[in-house]
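The values are calculated or read from the model by the stated rules, or taken from the named source; none is laboratory data. From a predicted model like this one, the values you see are computed outputs, not experimental measurements. Backbone-built Cβ (ideal geometry, glycine too); neighbour counts: all protein chains shown. Protein only, heavy atoms only, side chains kept; ligands, DNA and RNA dropped before computing areas. Shrake-Rupley method; radii C 1.70, N 1.55, O 1.52, S 1.80 Å.
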Amino acid sequence: MIRAVPLLAVFSHSGVAWHPSTYSLRKGIQGESFYDDFVWESIADPTHGRVNYVDQETSRWQNLTFATRDSFILRTDSTNIIPTDGPGRNSVRLRSKEKFKTHVSIFDVRHMPVGCGTWPAIWTVGENWPHGGEIDILEGVNDEAPNASTLHTGRGCTMPTENGPQTGHRMLNNCDASVNNNVGCPVDFPSHDSYGPGFNAAGGGWYVMERNDDFIKIWFWSRQDPNVPEDVKNPVWNVAPSNWGTPSAYFPGDSCNMSDFFAPHWIVINLTLCGDWAGTVYQYSNCPSTCVDHVNNNPWAFENAYFDIAQIRIYT
């Protein structure tokens, strides 16, 4: 397993020269700093999952979150059988304390949650959903690859009907959360190692988003990809997205005014189970029993339902 360079190393060198299209390091989150930079949202799951989101104290006590110098683990309970009249399997939902607008975010992830019934996500969202916008960077259910990145907005934000300058495939072009059962305007990524067991088998990888008032771009590089840009792979002072090539997903602002539809966003990392998506399509996913029954009675099935995040870097 390739380990990320500790964030402390960023202060010893800078691998990218400054020019107008670069972004400068605003924040690095690694290891124990997750406990300082995120809020534990112990709330009822808005997507009606079979989970009980716990607070930070409980997540530490039950070992659902823990940190080392260069690793942060977030996982669901894999020990207890859940009573049918209980609130669900204990899990974790994090929201960043700080909001971001024009920025680049780099998520170095070694392992993502897998297993029938799982619905992991790394995403950003503004206030007054959906009018403040939502950007799903990494999301999927029931180990069904590849990843799909999606926008959810208020009425009036659409994407081009043609595929455009992206390696992924645009599925729908109306981002309005009130239509199409809130599917949004997803782009399927081109490779199966972008999600689930394939992602983990490759040792994980990097999800990167560039967001400004003109567009939203999302890239993915597997850990095994020889073409990962050095300023994505290694902590540096400045990054230059214009050198990174064609993104996996491209959302232009031509018919979706980004400043109107997307407010400053929190970063959210969560793992839910079943619910509005994973539960609805569970019967088509070659999974056993029903989703709720599986989650309630098979704790062992969730031993690999965890995030291992090496670091998050935010550039503005």
Inside the range 46-81, can you point out the residues that are under 16 Å from Ile122 (Cα atoms), assigned to a loop (DSSP other than H, G, I, E, B) and open to solvent by 20 Å² or more (accessible area, probe 1.4 Å)?
Pro46, Thr47
Could you list, in sequence order, the residues of the range 167-179 that are farther than 15 Å from Glu134 by Cα and open to solvent by 80 Å² or more (accessible area, probe 1.4 Å)?
His169, Met171
Scan the range 121-146 for residues that are farther than 16 Å from Pro264 by Cβ and over 11 Å from the mean Cα position of the chain (by Cα) and jot them down.
Val141, Asn142, Asp143, Glu144, Ala145, Pro146
Looking only at the range 106-120, decide whether some residue is more than 14 Å from the chain's Cα centre (by Cα), buried (at least 17 other Cβ atoms within 10 Å of the Cβ) and assigned to a strand (DSSP E or B).
no
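Considering only residues that are within 23 Å of Asn182 (Cα to Cα) and not β-branched (Val, Ile, Thr), look in the range 22-45 and name the one that is surrounded by the fewest Cβ atoms within 10 Å (Cβ to Cβ).
Of everything passing the filter in the range 22-45, Ala44 is surrounded by the fewest Cβ atoms within 10 Å (Cβ to Cβ).
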Here, helices (runs of 4 or more DSSP H) confined to the range 231-307 with at least 1 residues that are loosely packed, with under 14 Cβ neighbours inside 10 Å are 258-261, 291-297
Can you spot a residue in the range 181-188 that is part of a strand (DSSP E or B), touching a His at 6+ places or on another chain (Cβ under 6 Å) and either crowded, with 16+ Cβ neighbours inside 10 Å or of a type in the set (Ser, Thr, Tyr) (or both)?
yes
In the range 217-241, the residues that are within 12 Å of Gly205 (Cα to Cα) and touching a residue at least 24 places away in the same chain (Cβ under 8 Å)
Trp219, Phe220, Ser222, Arg223, Gln224, Val232, Lys233
State the number of residues belonging to the range 207-230 that are open to solvent by 10 Å² or more (accessible area, probe 1.4 Å) and basic (Lys, Arg).
2
Residue count, the range 127-146 (criterion: open to solvent by less than 30 Å² (accessible area, probe 1.4 Å) and more than 27 Å from Arg50 (Cβ to Cβ))
2
If you go through Asp143, Asp85, Asp77, Asp108, the only one that is of a type outside the set (S, T, N, Q) and at pLDDT below 95 is Asp85
Tell me, yes or no, whether the range 194-203 has at least one residue that is touching a Lys or Arg at 6+ places or on another chain (Cβ under 8 Å) and surrounded by fewer than 23 Cβ atoms within 10 Å (Cβ to Cβ).
yes
Top-ranked residue of the range 147-166 - restricted to ones that are of a type in the set (Gly, Ala, Ser), part of a loop (DSSP other than H, G, I, E, B) and open to solvent by 10 Å² or more (accessible area, probe 1.4 Å), ranked as nearest to His265 (Cα to Cα):
Gly156
Condition first: in contact with a strand residue (DSSP E or B) (Cβ under 8 Å, 6 or more places away or on another chain) and either of a type in the set (Phe, Trp, Tyr) or at pLDDT below 95 (or both). Now tell me which residues in the range 181-190 satisfy that.
Phe189
